[in-house]
Amino acid sequence: MADEALFLLLHNEMVAGLYRAAEQGEGENGRCTTKLESMGFRVGQGLIERFTKDTARFKDELDIMKFICKDFWTTVFRKQIDNLRTNHQYLAFTCGLIRGGLSNLGIKSIVTAEVSSMPACKFQVMIQKM
């Protein structure tokens, strides 16, 4: 419970700090999104490294996506992926988190998010062949 509260507070402060800097002319709004996505990417890489250190190698991309959608997501957000409630602030960081996790598992991808009706959002992962 404390971990979740700390994560929420840290994330809220990261978002607020980046957007305050943009409002004061230290950066553009698009840069804030890019920075959040980059932070999420690095966190995703680290978490995947930690979560999979004692796990057997995955057979294919489908196994990796199942791991991301079930184990990784549930561990990070403490909720099933199909009931996650989020808001727009979390999308850039979360896209980076997913992309970073996939990257550390050897999959280059583009991750986008779409909010069609609140509070739900839909993530699309496009795997790029190397």
| request: Would you count, across the chain, every pair of lysines whose alpha carbons are under 18 angstrom apart, provided the pair is eight or more residues apart or spans two chains? | output: 12
| note | Measuring from the longest principal axis of the C-alpha atoms of the chain, the long axis of helix 2-23 (C-alpha) lies at a number of degrees, nearest 10, equal to 50 degrees
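Keeping the other protein chains in place, figure out the carbon and sulfur percent of the accessible area of the chain, with a 1.4 Å probe. Each step should come with its number before you reach the end.
Values: 4490 of 8550 Å².
Result for the chain: 52 percent of the exposed heavy-atom area is carbon or sulfur.
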| remark: Hits in the range 93-130: amide N under 13 Å from the 7 Å Cα→Cβ extension of residue 75, namely 101-102, 105
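Using a cut-off of 15 Å between beta-carbons, work out the net charge of the residues near residue 45 (Lys and Arg +1, Asp and Glu -1, residue 45 not included).
Numbers: positive: 42, 50, 53, 99, 108; negative: 37, 49.
My count for the surroundings of residue 45 gives +3.
Compare the peptides 102-108, 38-44, 120-126, 14-20 by average per-residue count of other Cβ atoms within 10 angstrom and give them in order, highest first. Please list the in-between numbers first.
Working: 102-108: 17.6, 38-44: 19.6, 120-126: 13.6, 14-20: 15.1.
Those peptides, ordered most packed to least, come out 38-44, 102-108, 14-20, 120-126.
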| remark: If one compares the long axis through the Cα atoms of helix 29-51 with the longest principal axis of the Cα atoms of the chain, the angle in degrees, nearest 10, works out at 30 degrees
| query | How far is helix 88-104 tilted, in degrees, relative to the longest principal axis of the Cα atoms in the chain, given as a value from 0 to 90 rounded to the nearest 10? | reply | 30 degrees
| remark: Given [x] 15.1, 49; [y] 19.2, 68; [z] 15.8, 57 as possible values of Rg and Dmax of the Cα atoms in Å, the one from the coordinates is [x]
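The values are calculated or read from the model by the stated rules, or taken from the named source; none is laboratory data. Computed from a predicted model, the values in this text were never measured in an experiment. Neighbour counts are summed over all protein chains in view; Cβ atoms, including those assigned to glycine, are modelled from backbone coordinates with ideal geometry. Only protein heavy atoms, including side chains, enter the accessible area calculation; ligands, DNA and RNA are left aside. Shrake-Rupley method; radii C 1.70, N 1.55, O 1.52, S 1.80 Å.
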